[in-house]
C-alpha cells in the first residue's frame, strides 16, 4: 500500500450480533507479532488495517461491544463482542484513527498487508507460511 487512499470497509463478529461500516484513508496494514497482539487475537499475530477515520457506523450491536485497555500501555486496548469475543474495530480516543481487525471484515479489503511488525517478538511456534503443507480445506484423513 504505497499510496494513501480512501476505502470503505464493513465487518461483523462471529455470532453476527455486532456489525459495522467505516470509511477512511488507509494508512497501514500490518501483521503484528507483539505479545499483546498475540494474546488479544489468540493467534500468532494480529492483522490490522489502520485508517485515518472519516466515519464509523455500527449497523448492529454497538451496545454489545466491550473495551479493555491494558493499564500500563499508552495506546493498547481491545474492543470485542461481549457475546462471542470477536475482536472489533477500535477508535482512538480523539476519533481520528481506527484499528480494524482484518479477520472481522466481511469482504476482502482493497489493500494488502505491508509488513510484519514486532517480528523480533514472533513466537517460536509461529510459522512464516512456507514451511508447512497447505490444504484448501481440511487435510486428508491419515
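Exactly one residue out of 73, 40 is exposed (fewer than 14 other Cβ atoms within 10 Å of the Cβ), touching a residue at least 12 places away in the same chain (Cβ under 8 Å) and more than 15 Å from residue 8 (Cα to Cα): that is 73. Annotation for the stretch 60-68: at least one member residue is loosely packed, with under 13 Cβ neighbours inside 10 Å, in contact with a strand residue (DSSP E or B) (Cβ under 7 Å, 6 or more places away or on another chain) and under 25 Å from residue 122 (Cβ atoms). Of all the criteria given as (1) over 16 Å from residue 104 (Cα atoms); (2) touching a helix residue (DSSP H, G or I) at 6+ places or on another chain (Cβ under 8 Å), the one not satisfied by residue 27 is (2). Restricting attention to the stretch 50-64, the residues that are farther than 18 Å from residue 94 by Cα and under 15 Å from the mean Cα position of the chain (by Cα) add up to 0. Inspect all residues belonging to the stretch 110-117 and state whether any of them is farther than 17 Å from residue 32 by Cα and touching a residue at least 40 places away in the same chain (Cβ under 8 Å). For the stretch 110-117, residues farther than 17 Å from residue 32 by Cα and touching a residue at least 40 places away in the same chain (Cβ under 8 Å): present. If you go through the stretch 92-108 and keep only what is out of contact with any strand residue (DSSP E or B) (no Cβ under 6 Å at 6 or more places or on another chain), under 20 Å from residue 16 (Cα atoms) and in contact (Cβ under 8 Å) with a residue 40 or more places away in the chain, you end up with 103, 107. Entry remark, the stretch 80-112: residues being more than 13 Å from residue 51 (Cα to Cα), crowded, with 17+ Cβ neighbours inside 10 Å and modelled with pLDDT under 95 number 0 in total.
Listed here are the residues, each with its yes/no results for (1) surrounded by fewer than 18 Cβ atoms within 10 Å (Cβ to Cβ); (2) in contact with a helix residue (DSSP H, G or I) (Cβ under 6 Å, 6 or more places away or on another chain); (3) modelled with pLDDT of 95 or more; (4) closer than 12 Å to residue 104 by Cβ.
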{"site": "2", "(1), (2), (3), (4)": "yes, no, no, no"}
{"site": "5", "(1), (2), (3), (4)": "yes, no, no, no"}
{"site": "9", "(1), (2), (3), (4)": "no, no, yes, yes"}
{"site": "13", "(1), (2), (3), (4)": "no, no, yes, yes"}
{"site": "34", "(1), (2), (3), (4)": "yes, yes, no, no"}
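The values are calculated or read from the model by the stated rules, or taken from the named source; none is laboratory data. Just so it is clear, the structure is predicted and the values come from calculations on it, not from any experiment. We place every Cβ from the backbone using ideal geometry, glycine too, and count neighbours over all the protein chains shown.
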